[in-house]
Amino acid sequence: MLLLSLCAPLVGCSDPESIATGDAQQPRAPLTACTQAHNQARQDFAHGRYELHSLEFQPLPNTYLDVLARSYHIQWRFVGEMAPASYFACYDSVMWQLLEHKYGPHFAQQAQQQADSLDRTGTWNESASFPGGIEQLQPWVWQQVKWSRLSRREGRVFACFTVDSLGAIQDVRLLKSLDASHDQEVLRVLQQMPRWKPAYREGKSYALPFTVPIVFSEAARKDYALERK
């Protein structure tokens, strides 16, 4: 889960209104990048465009960012530079103050709490999952394989398929072959997989493609061949 510290404005960017103007008779100095960022933040806020920035982080998609967008109309942008006094750090220092004035000083904590609650539902931002967990997929395949049909050749077959929005398995295909008998057995078994839990994005299920390696080894044959002759 995204840490709240990622949202805190970086320090070291003085607000231009707090900078002394100096002698009025002297020529006005060109605006610094930080001053430009402050001015742009105020302008964006006045027009209802709320943005915050950071370097890219994981996991993506992130429920916290969903809550900021849905409940607070704040868009999160990933940028290549967020050092103190950089343009986006200066921009965020002003935008953050304006957002706290609008939503209250604890809006970030409230958004985090809402995100935690949504994540606990298990149907907000979740990848598709095999019954019992993805680590159970390979043992399940070995249990279904009819080993007597296969040679003792060892190797891997790479297969892909799609888990649709209801968890059903669709479009099973091979990406890397081993031999005809192993290939056909992999296709047969994967097409008979039980329903998965579908993937969810912002509370809505969607189809998600998967690529998996199916490993054939002498150790697996010894452990599972007696179960499936």
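The values are calculated or read from the model by the stated rules, or taken from the named source; none is laboratory data. Predicted model, so just to flag it, every value in this text is computed and none were measured. All Cβ positions, even for glycine, are placed from backbone atoms using ideal geometry, and neighbour counts span all protein chains on display. We work out accessible area using only protein heavy atoms, side chains counted, and drop any ligands, DNA or RNA first. Shrake-Rupley method; radii C 1.70, N 1.55, O 1.52, S 1.80 Å.
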Using only Cα atoms, find the angle between the long axis of helix 63-72 and the longest principal axis of the chain, and express it within 0 to 90 degrees, rounded to the nearest 10. 40 degrees
Please give the solvent-accessible surface of residue 171 in Å², to the nearest 10, using a probe radius of 1.4 Å with every protein chain present. 90 Å²
Between the residues 99, 170, 182, the Cα farthest towards the positive end of the dipole of the chain, that dipole coming from +1 and -1 charges on the beta-carbon of Lys, Arg, Asp and Glu, is from 182
extent check for the range 74-181: Cα max minus min per principal axis, descending, whole Å, gives 71, 32, 21
Solvent-accessible surface (1.4 angstrom probe) belonging to residue 181, in square angstrom, nearest 10: 50 Å²
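Mind ranking 153, 201, 120, 221 by accessible surface for me, highest first, 1.4 Å probe?
Details: 153 120, 201 80, 120 180, 221 30 Å².
Descending accessible area places them as 120, 153, 201, 221.
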Using just the helices of the chain, give the 222 nm mean residue ellipticity in deg cm²/dmol: DSSP H runs with n ≥ 4 each add -39,500 (n - 2.57), and the total is spread over all residues, rounded to 500. -11000 deg cm²/dmol
Of every hundred units of 1.4 Å-probe accessible area on the chain, the number belonging to carbon and sulfur atoms, as a percent, is 52 percent
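Might you report the magnitude of the Cβ-based charge dipole of the chain about its Cα centre, with Lys and Arg at +1 and Asp and Glu at -1, to the nearest 20 debye? Each step should come with its number before you reach the end.
Details: 23 positive and 24 negative charges, 265 e Å.
My answer is approximately 1280 debye.
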Can you tell me which of 161, 130, 57 moves the most in a GNM of the chain? Springs connect C-alpha atoms under 10 Å apart. 57
Quick one: Cα convex hull volume of the chain, Å³ per residue? 165 Å³
State the Cα centre-to-centre distance between the range 26-84 and the range 130-174 in whole Å. 45 Å
Sequence-separation-based contact order of the chain, relative, with Cα cut under 8 Å and 6+ spacing, percent: 20 percent
Under-5 Å amide H pairs with residue 53, H placed in peptide plane, nonlocal only: 77
Given the options 118, 54, 39, identify the residue whose Cα lies farthest towards the positive end of the charge dipole of the chain (+1 on Cβ of Lys, Arg; -1 on Cβ of Asp, Glu). 118
Stretched fully, the stretch from residue 134 through residue 156 gains (0.36 nm per residue minus C-alpha distance, one decimal, in nm) 6.2 nm
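Can you tell me the accessible area per residue over the chain, all protein chains present, probe 1.4 angstrom, in square angstrom? Don't skip to the answer; put the middle values down first.
Working: 13100 Å² over 229 residues.
Roughly 57 Å² per residue, with all protein chains present.
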Per-selection metrics, the range 114-229 (Cα): Rg and Dmax in Å: 16.2, 55
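For an R0 of 41 angstrom, estimate the FRET efficiency from the Cβ-Cβ distance between residue 168 and residue 148 and round to the nearest 0.05. Intermediate results must be reported in sequence, preceding the final value.
On the way: r = 29 Å, r/R0 = 0.72.
Using R0 = 41 Å, I get an efficiency of 0.90.
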DSSP beta bridge pairing in the chain, given as percent antiparallel to the nearest 5: 80 percent
Quick one: accessible surface of residue 158, probe radius 1.4 Å, all protein chains present, in square angstrom to the nearest 10. 60 Å²
